[in-house]
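Below: the structure, in structure tokens.
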Amino acid sequence: MAIAPHSLEHLSSISHEVAAWVAEVAQLTVPSAVHWCDGSDAEFRMLQRGLVSSGELIPLNESAFPGCFLYRSDPTDVARVEHLTFVCTRSRDDAGPNNLWMAPAEAHRKLDDLFRGCMRGRTMYVIAYCMGPLDSPLARCGVEITDSPYVVLNMHLMTRMGRAALERIGREGSFVKGLHSTGELDPARRFIMHFPEESTIKSFGSGYGGNALLGKKCHALRIASWQARREGWLAEHMLIAGIESPDGRTRYVACAFPSACGKTNLAMLIPPASYPGWKIWTVGDDIAWLHPGRDGRLYAINPESGYFGVVPGTNPKTNRNAYETIRRDTIFTNVALTAGGEPWWEGLHEGQPAFDWRGQPYDPANGPAAHPNSRFTVAAKRNPSYTRTAEDPDGVPISAIVFGGRRRTLAPLVYQARSWNHGVLVGASVASETTAAATGEVGVVRRDPMAMKPFAGYNFGDYWDHWIKVGARLEHPPQIFHVNWFRQGADGKYLWPGFGENLRVLRWMLDRCDGSAGAVDTPIGHLPGPTDLDVHGLDLHESTIEELLAVDRDAWRGEFDAIGAYLGEYGERLPQALARELHESMQRLHAR
Ligand code: SAT
Ligand code: MN
């Protein structure tokens, strides 16, 4: 078997390390062929054709959805598997109570046993990729080896991959190693292992999303968060959006919400008719790498170049940009199908499903037609609100950081932290109801600090300490806020209209950054006073606005007891500065 990169033969700069690792993996996994991905359109089309002829990809109605395909994953393999995801550091404490841990030697042994001979009769693909613009000093590279052509197609859409990335690795010499095989898709033989000290990922037994597209959560969050701590930056689960106001200024925000809580919708927001002259630009919808800049501000790049977004609920009203983006050149995973060969999902409000996400004739008795975690994969450039600043090697300056969760009660629509360190406490205290993005019960409130619970590659105590240190280096730190779009009334209906109207809340934040908007001081932070938030033209009763902006001291005391107990789990690793912020917040809540 030839393992030399035939198609890239003339490339003199292939790193010896890459070549040696590929040879080592080929020896372990015994593929029948090795394909070095060049990242070209021709390669993309060739792989697409192959998957169509094997029946794994279904071409969708070509006139309504040109260049679009449906992929059905194994029904047991439809979401991230947090209970099978491990951080394998030498010291268990370095992984922290926030991660499942396994000793590196044991994890390697376990996974190598699974990988041994697993690619027999299959092609092994070598995907060199760059997370971030190819010419950015803030970008970092990796190589994913996989036996899944579906993964290769997704990586084509989501990352800058192939020849140029391989060249950069050749120049730099360093890269993250990601080894992936779908194996037999047996949930009992499925593991996602991270070795941050070795910049290595091993993922076996799943072909889905964050389990298998190793550039995404595995590299750009878990491994990168570890690298970032060493190098003095932050790798975060955040969208990045530019907000252009009628005066022509564009200011950037980075927002951390858990999976399936509306990051993509906010990043692609279309201003309501009552906001003429405003425009939202999408820099990223899922991950931000944040670096202190020379001017004392915080700069962000989006390491990805495509979206892996939740499909259900997407329609012209909730997200017109996404709705238009995914009408061409998109891979749909686990959506339903109409009789006319068009994709269908709950919340589309047009057409009828004929086949559900498993490919069975649709019967409402079997549950939703599209899987609740069904996804679209599409290149970012397809998005009408895509901005070239996403390619800026230096990133975009961040004015505000926004944390948020999905909370039926308690958390008000918006509040502002008093300082950077208070903001770190606000982020560390985030709790949210679980969603279909991960396997497990949906709708249970759990602590999800900075929306990073499933993604921080090390001990949260050390992570918060790192946040505090990064803040101390910023002469002009972003203001930090918390939002909750999901507050419900006693009748179970959402109190806030959400979607485009969220711009009203963003506007208050930007005005706070400028010092031009009012606020009232409360024990949890600064909230808009009754006249500070623009609710003009919204059909909202005064009492609803009051409810949205209320701080129930008794309920918050209970919440802070829970936050204190949670932070206490980090023991010695909990930074002093954060313990102090917690103490002061408690004092404010108990003061009369
Ligand atoms: O499956 S992914 O991890 O890529 C998407 C998500 O859960 O945010
Ligand atoms: Mn995500």
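Side notes on the structure shown:
- Mean residue ellipticity (222 nm) of the chain, computed from DSSP H runs ≥ 4 via -39,500 (n - 2.57), nearest 500: -8000 deg cm²/dmol
- Footprinting exposure proxy for 474, 114 (fewest neighbouring C-beta atoms within 10 Å first): 474, 114
- Distances between every pair of Cα atoms in the range 227-307, grouped in 10 Å steps from 0 to the bin holding the largest one, split as 19, 43, 30, 7, 1 percent.
- Only lysines eight or more places from residue 110 in sequence, or on another chain, were considered; those with a Cα closer than 17 Å are 202.
- For a paramagnetic label modelled on residue 294 (point 7 Å from Cα along Cα→Cβ), amide N atoms under 14 Å away belong, within the range 387-419, to 394-395.
- Residue 539-residue 64 FRET efficiency (beta carbon distance; Förster radius 30 Å; 0.05 resolution): 0.30
- Diffusion coefficient, µm² s⁻¹, Stokes-Einstein with Kirkwood Rh over alpha-carbon pairs of the range 63-186 at 37 °C and 0.692 mPa s: 193 µm²/s
- Modelled FRET efficiency - R0 30 Å, residue 28 with residue 90, Cβ distances, 0.05 increments: 0.85
- Rh by Kirkwood over Cα pairs, then Stokes-Einstein D for the range 302-358 at 0.890 mPa s and 25 °C, µm²/s: 203 µm²/s
- The simple Förster model, with R0 at 56 Å and r as the Cβ-Cβ distance, assigns residue 120 and residue 592 a FRET efficiency of 0.20.
- In order along the range 25-38, the Karplus-derived 3J(HN,Hα) couplings, from 6.51 cos²θ - 1.76 cosθ + 1.60 at θ = phi - 60°, round to 5, 5, 5, 6, 9, 6, x, 8, 8, 10, 10, 8, 6, 9 Hz, and Gly and Pro are given as x.
- Ordered by the count of other Cβ atoms within 10 Å of each Cβ, fewest first, 286, 534, 147 give 534, 147, 286.
- log10 of Debye I(q)/I(0), alpha-carbon scatterers only, for the range 527-586 at 0.20, 0.21, 0.23 Å⁻¹: -0.80, -0.83, -0.90
- Residue-span extension gain [residue 352 to residue 550] - 0.36 nm each, minus C-alpha spacing: 67.1 nm
- Only the Cβ atoms of Lys and Arg (+1) and of Asp and Glu (-1) were treated as charged; on that basis the dipole of the chain about its Cα centre amounts to roughly 400 debye.
- Partners of residue 217 within straight-line reach, counting aspartates and glutamates whose Cα lies under 18 Å from its Cα and excluding those fewer than 8 residues away in the same chain: 77, 82, 144, 197, 198, 236, 285, 286, 304, 448.
- Taking the Cα centre of the range 33-76 as origin and assigning +1 to Lys and Arg Cβ atoms and -1 to Asp and Glu Cβ atoms, the resulting dipole is close to 120 debye.
- Charge-dipole axis of the chain as Lys and Arg at +1 and Asp and Glu at -1 on Cβ define it, positive-most pick from 14, 159, 380: 14
- Projected area, mean over directions - the chain, Cα convex hull, nm²: 26.0 nm²
- Dipole of the range 71-206, positive direction: furthest Cα of 204, 86, 150, with charges on the beta-carbon: 150
- With Cα atoms defining each centre, the range 272-324 and the range 526-592 are spaced 27 Å apart in the structure.
Bear in mind that the values in this text are calculations on the coordinates, not laboratory data. Just so it is clear, the model here is predicted, and its values are computed rather than measured. Neighbour counts run over all protein chains shown; Cβ positions are idealised from the backbone, glycine included.
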